[in-house]
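In what follows, a single structure is set out as structure tokens and then discussed.
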Amino acid sequence: MKLLSLVKASMSEGMNIFKINTKKSTKFTRVGLPIIIAIILMLSMMTYSDQLILTLKPINMEFVLLTIFIVMTSIITFLEGIYKSGSLVFNCKDDNLLFSLPIKKSTVLFIRLLKFYIFELIYNSIFLIPSFIVYAIYTKPDFSFYLVTLISLFLFPIIPIVLSSIIGFITSLVSSKFRGKNIIETILSFILMFAIMFISYGSDGLVIKIAQNASSINEKITRIYYPAGAYLELITKFNVIKLLEFIGINLTIFACLTFILGKFYFKINSSVKAVKTKKSTKAYNFKVKSQTHSLVKKELNRFINSPVFITNAAFGLILFIIGCVYVSVKVDDTFYKSIPLLKGNIMDKIMPLLLFAFISFSSFMTSITSSMISLEGSSLNILKSLPVKPYTIVKSKVLTAVMIMIPVLLVGSTIIFVKFRFSLVYILLITIACIILPLISETIGIIVNLKYPKMDAKNDTEVVKQSISSAISVFTGMLLTGGTIYMLYKSLRWGLSTGLILLIFVVAFLIIYVALEMYLVKRCEKDFNNIVV
């Protein structure tokens, strides 16, 4: 009974697959809405499954659908598990409470792993069940298929859990040795994002390619990935001994994970939560720094130590660098001469405007300051108590954001400058744009965040991804980007020279920035002091 109570209490935290945050929490927002989202996702998976099986049915290889979905879901579960292992296994918020209770350490570990397993089982099922349903509809299998599928559904998450726990274990072990513990998680975030982008980029004609190479794909997958091969063998040639062997192997693997974690789990947890100090026999030297310098340094440290903040802010900037490198490598005389609309020299007419549009997109769609006030949380009261003007505090956040953005924009732009040999006038105007546009974006972000702060968030994700100020900033950025691109196009159609177009836009944006700055000076103190934590 005590164990069930502990399991139930543990399940109440961190089990949110789809987290929806609203000011007024209701049963619908906590339970109903996530279920609706899960159903929508499952219907999408059914659509993909239906498209794939229709291409496989003429060659009588419908079972390849199951093989592909099992492997795809295992990979997704593994990647998700790397993230969740940190919060569900190695660095849980209720560790101190559980460790202080008269409970065996083995029980605590069991609760952790059971919680992780249930989370991954639910996550796994959302992707897998639709493919099973589609396969059953088209092939009408016998009873053994349903029996094997039901049992396998509980076994498929085990290997991804084991692998992600090992990665999570290593990550926690390595990151516990450094002060910047979140850097590993940040790196993994970018790897995952770019992996998804790479897969999406190469997804054209994927269904046709799978159908054309179905036999080869199935043979390779079933030979390499044991669960997929064992499952396929069981649904095509049911054998009780093979089923028991399948169950036994998976349970043994999970038992080995439990045994290994039992040896190192509590040592790792202690290291993760340890506060490291650096010993020194040298005398302390105190340096007096300006208020702005100290505040900017604080903001940079806050930014660096929040993986979700880094990921959200840096994603568009990294895309900007990648885009500039790609254009400099791929675009040449043959490319632009093959396009009838591009008459004349692309370096003198089109490319500067394209670069300006790309800078606009990267600047306006990257709003770092839209979360900075909210991320202060309860510590905002400490800032309010300091003998520092609210404008200085607010402006330090804008300066921090542009310090992150401007160097990236200048590096990417320089690549284009060198490749296409821009004239000095173009270089000067675009360089000014690389400074003004981030200032506009981040000033808008801080104004919005001062107006709509979210000071009761439980974690950084709520602030960065799910707050009103972030949503407004993104929407505003979309409007500014769309408007800029449209007016660039219209200016080109009006026959204006490229240099004149760039000059008009730079002057216009400079006026917009001055207006925003005047508004911020006038309103920031009142809005800052009105924020209640």
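A few comments on the model shown:
- Exclusive hit being in the same structural domain as ILE321 (by TED's automatic domain parsing) and in contact with a Leu (Cβ under 6 Å, 6 or more places away or on another chain), set ILE427, ILE393: ILE393
- Residue identified as outside the structural domain of LEU353 (by TED's automatic domain parsing), in a helix (DSSP H, G or I), touching a helix residue (DSSP H, G or I) at 6+ places or on another chain (Cβ under 8 Å) and at pLDDT below 75 among TYR231, TYR265: TYR265
- Residue match in region 334-349 (condition: out of contact with any Phe, Trp or Tyr (no Cβ under 7 Å at 6 or more places or on another chain), at pLDDT 90 or above and in a helix (DSSP H, G or I)): no
- The lone exception for PRO387 - which of (1) outside any helix (DSSP H, G or I); (2) surrounded by 14 or more Cβ atoms within 10 Å (Cβ to Cβ) it fails: (2)
- Being assigned by TED's automatic domain parsing to the domain that holds THR481, assigned to a helix (DSSP H, G or I) and of a type in the set (S, T, N, Q) is not true of SER367.
- Members of region 374-397 found to be modelled with pLDDT of 90 or more and either within 19 Å of VAL308 (Cα to Cα) or under 21 Å from the mean Cα position of the chain (by Cα) (or both), listed by number: LYS397
- Qualifying positions in region 428-459 - touching a Phe, Trp or Tyr at 6+ places or on another chain (Cβ under 7 Å) and free of Cβ contacts under 8 Å to residues at least 12 places away in the same chain: none
- Conditions (1) in contact (Cβ under 8 Å) with a residue 40 or more places away in the chain; (2) within 26 Å of PRO407 (Cβ to Cβ); (3) of a type outside the set (S, T, N, Q): number failed by ALA508: (1)
- If you go through region 442-471 and keep only what is farther than 21 Å from TYR513 by Cβ, among the basic types (Lys, Arg) and modelled with pLDDT of 80 or more, you end up with just LYS454.
The values are calculated or read from the model by the stated rules, or taken from the named source; none is laboratory data. Everything numeric in this text was worked out from a predicted model, so none of it was measured. We place every Cβ from the backbone using ideal geometry, glycine too, and count neighbours over all the protein chains shown.
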